[in-house]
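Heads up: the structure comes next, in structure tokens.
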Amino acid sequence: MNSFSLRRLLFNLWYTFRRPPWDSGITPPELWQFIREKPSGRAIDLGCGTGTNAITLAQNGWHVSGVDFARVAIETARRKARQQNLEISFSVEDVTRLPDVIGPFDLVLDIGCFHGIQPTRRPVYLKTISRILVHGGTWLLYAMGRTEPNSMPGLLEQEIDEISTRFTLQRREDGFDPGGRRASWFWFVRE
């Protein structure tokens, strides 16, 4: 079993037997602010988990797709959307390979997914974002920081600089997650 398959299995087990710590069920204020400031359009939530943020977007007039590699999380997201009579397209896929996802999207939302992808797989993910995000669209990213090249999850400042060569960094807010780890919100725009 390769590391990706093992990680997928572990996430499915986590969603089956207990609520993962990142699945708070609460939409963060940064997304609420984005919703208030931008007109609704098409959005995709990469690493959507149980669909909390996809549901919030749909409730606010967005046409939403959600993707996660944990089948158990997607099943929960579908059930939650059905209970609220929301039409959201949820799919079980690897976010680094989205051949069936067709943009363009006005918003690509990633809350804690990208920073957990193996660094060798991140270029494919970035290429996918470039393909599916409309010109002028926003990639709203929440990611942990890291200072050691071999530590995971997280992004090095050098990686953020490299991303900024593909997308325009419109805004950044640095802070800490509930566990005290460095974390940041990034508003990248595709020019």
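The values are calculated or read from the model by the stated rules, or taken from the named source; none is laboratory data. Computed from a predicted model, the values in this text were never measured in an experiment. Heads up, the Cβs are rebuilt from the backbone with ideal geometry, glycines too, and the neighbour counts pull from every protein chain shown.
Screening Thr147 on (1) surrounded by 15 or more Cβ atoms within 10 Å (Cβ to Cβ); (2) β-branched (Val, Ile, Thr); (3) more than 18 Å from the chain's Cα centre (by Cα) shows it passes everything except condition (1). Selection within the stretch 49-69: residues that are modelled with pLDDT of 95 or more and part of a loop (DSSP other than H, G, I, E, B). The member of this set that is nearest to the chain's Cα centre (by Cα) is Gly51. Residues considered: Ile117, Ile102. Of these, the only one that is hydrophobic (A, V, I, L, M, F, W, C), surrounded by fewer than 12 Cβ atoms within 10 Å (Cβ to Cβ) and modelled with pLDDT under 95 is Ile102. With the stretch 96-191 as the region, which strands (runs of 3 or more DSSP E) entirely inside it contain at least 2 residues that are at positive phi? Strands (runs of 3 or more DSSP E) meeting the threshold: none at all. Selection of the stretch 73-95 for residues being surrounded by fewer than 21 Cβ atoms within 10 Å (Cβ to Cβ) and in a strand (DSSP E or B) yields Ser89, Ser91, Val92.
Starting from residues that are β-branched (Val, Ile, Thr) and either under 22 Å from Phe69 (Cα atoms) or under 15 Å from the mean Cα position of the chain (by Cα) (or both), keep the ones in the stretch 1-48 and report whichever is modelled with the lowest pLDDT. Give the derivation first.
Initially, the stretch 1-48 is screened for residues β-branched (Val, Ile, Thr), giving 16, 26-27, 35, 44.
Okay, now just the ones that are also either under 22 Å from Phe69 (Cα atoms) or under 15 Å from the mean Cα position of the chain (by Cα) (or both), so 16, 26-27, 44.
On the way: Thr16: 63, Ile26: 87, Thr27: 96, Ile44: 97.
Applying the filter and picking the extreme gives Thr16.
Close contacts from the stretch 162-191, counting a first residue that is under 23 Å from Ala43 (Cβ atoms) and a second that is among the charged types (D, E, K, R) and at pLDDT below 95, with Cβ to Cβ under 6 Å and a gap of 6+ residues or different chains, come to Thr168/Glu191; Ala183/Asp177. Looking at the stretch 135-161, I want the residues that are closer than 24 Å to Phe105 by Cα and among the β-branched types (Val, Ile, Thr) and have a partner that is surrounded by fewer than 17 Cβ atoms within 10 Å (Cβ to Cβ) and modelled with pLDDT of 85 or more with Cβ atoms under 9 Å, at least 6 apart or on another chain. Which pairs are those? Listed pairs, sorted by first residue: Thr138/Lys38; Thr138/Gln170; Thr138/Val189; Ile160/Leu169; Ile160/Arg172.
Within the stretch 25-38, residues that are touching a residue at least 12 places away in the same chain (Cβ under 8 Å) and over 19 Å from Pro178 (Cβ atoms) sit with their Cβ atoms under 9 Å from residues that are surrounded by 15 or more Cβ atoms within 10 Å (Cβ to Cβ) and among the aromatic types (Phe, Trp, Tyr), at 6+ positions apart or across chains, in these pairs: Phe34/Trp187; Ile35/Trp62.
Figure legend. Inter-residue proximity from the stretch 60-84: first residues closer than 12 Å to Gly49 by Cβ, second residues of a type in the set (Asp, Glu) and modelled with pLDDT of 95 or more, beta-carbon distance below 8 Å, spacing 6+ or different chains. Indicated pairs: Gly66/Asp45; Val67/Asp45.
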